[in-house]
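Working notes for the structure below.
The values are calculated or read from the model by the stated rules, or taken from the named source; none is laboratory data. Since we're looking at a predicted model, the values are computed, not measured. Counting neighbours? That spans all protein chains shown, and the Cβs are built from the backbone with ideal geometry, glycine included.
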Amino acid sequence: MATTRVHDNYSADEINALRGIFALYDPEKSGSISAAELESLLEKIGYTGDSKVDILDAAQGMESVSFDDFLDLLEKGQPSQPGEAPDPKVMEFLRILEEYRIKCEEEGNYLEAGRAHEQLDTLRKQEEKRQQKAVRARQISERSDVQIAHNMQYSDFNAAWDRYLEEYDKMAQMYIQQMTERHAVNLLDFQRALQTEMTERPPKWSRELLEWRRRQHMLARQKNYAEAQKIKIIADKLENKEKAALEQSTASLFARKEAQFRQQQQAELQALLKRIDARRKEHIKQRNLDSKRLMQRNRNVQAVLESKQAVESNRIFADIRKNLYQVAYTKAPPPPKSAKTGKKKKSKDVEMESSMKETADFDPAFSDLEDDRNFMEAESKAEPAY
């Protein structure tokens with residue numbers, strides 16, 4: 001007799017298996033069993049503890065339990081999904097169906113034994129697929145976790161390098177500013193010193209002017225003042241002319257030496273900028289190299305994980321088939337080794353932590369920034385070769 005209500009938690013094969021077990025407690029084929037037989041039936045299909053108590057509490061007040069009622073009660077006490085471990089409910093179904101098949105075979109009821117055998121085969125395949133699907137889902141989750149961790153590592157790697165280069169650029173600007181300010185002070189000192197030197201330097205007059213001055217002084221000593229005044233006028237004009245020429249020459253020399261000093265300072269600044277730029281390019285080159293190494297290491301980790309998972313899948317799938325297709329006279333077998341997810345997860349966490357620690361090798365070290373600071377400080381404070 002078909003069920004009159006929809007039960008989404010059970011497949012058609014599971015319902016048929018449960019119907020066969022239910023029939024064992026309904027020998028008169030009335031379609032229902034007494035409430036007193038329900039507890040024995042629940043223990044038969046593996047419901048114990050709180051699940052059994054919950055179902056019995058829900059069945060209080062029922063004088064008899066139909067098969068549809070039985071399915072409804074089972075859904076209320078449905079245990080959580082077993083994950084990769086064998087489903088105790090299915091394993092108990094398999095054991096009971098196997099017992100039922102053997103009983104039918106011994107009694108000569110071969111058609112019923114054949115139907116039981118078909119249900120056994122179907123349930124085994126479904127449970128095998130379910131466990132395999134759970135294993136694959138866990139492995140996909142592991143690979144996804146590793147990829148997420150690698151993405152976080154790569155993001156942290158780029159963030160660390162960005163901070164490092166930002167600090168490097170700030171430090172470079174600071175030392176460039178220091179050199180510029182020092183150049184301004186040195187230029188002012190140079191201008192003052194040069195101005196003092198040229199001011200204190202005695203003028204170099206021509207022989208002609210010196211001769212006119214000599215004649216002027218000689219006439220004055222001879223009391224020939226009229227003639228001395230005439231010579232003085234001539235000498236003064238010549239001196240003013242030579243003084244103007246000398247001032248022009250001095251200004252030209254000052255400008256030339258100042259330009260030469262400025263050029264040397266500019267060359268010093270350009271040398272610092274060139275070294276800073278070269279060192280920054282070295283850092284960028286190292287960053288690109290470390291980035292490639294990090295990505296290759298992450299690919300290697302993924303490849304190793306996939307290889308391990310392939311070997312693990314073959315072993316676990318073999319254990320699943322062995323557990324499902326052995327003659328099930330006893331209780332459900334212990335879960336395969338893969339169900340010990342705690343150790344697997346711990347091992348995966350150790351691998352992830354190791355990978356994170358290895359990634360730290362690619363981060364720009366603080367000592368490198370100290371080297372940069374020492375380099376720039378030495379360059380900015382170097383004595384100019386003027």
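List of remarks:
- If you check 229, 216, 195 for being over 22 Å from residue 257 (Cβ atoms), at pLDDT below 90 and over 60 Å from the mean Cα position of the chain (by Cα), only one passes: 216.
- So residue 302, is it in contact (Cβ under 8 Å) with a residue 40 or more places away in the chain, within 26 Å of residue 193 (Cβ to Cβ) and under 53 Å from the mean Cα position of the chain (by Cα): no
- Scan of the range 2-36 for residues that are at negative phi, at pLDDT 75 or above and in a loop (DSSP other than H, G, I, E, B), ordered by number: 25, 26, 27, 28, 30
- Among the residues making up the range 142-177, those that are small (Gly, Ala, Ser) and surrounded by 12 or more Cβ atoms within 10 Å (Cβ to Cβ) are 149, 160, 172.
- Hits in the range 60-85 - residues which are buried (at least 18 other Cβ atoms within 10 Å of the Cβ), modelled with pLDDT of 80 or more and in contact with a Leu (Cβ under 9 Å, 6 or more places away or on another chain): 65, 67, 70, 71, 73
- Residue, farthest from the chain's Cα centre (by Cα), within the range 272-299, restricted to residues that are surrounded by 11 or more Cβ atoms within 10 Å (Cβ to Cβ) and among the hydrophobic types (A, V, I, L, M, F, W, C): 272
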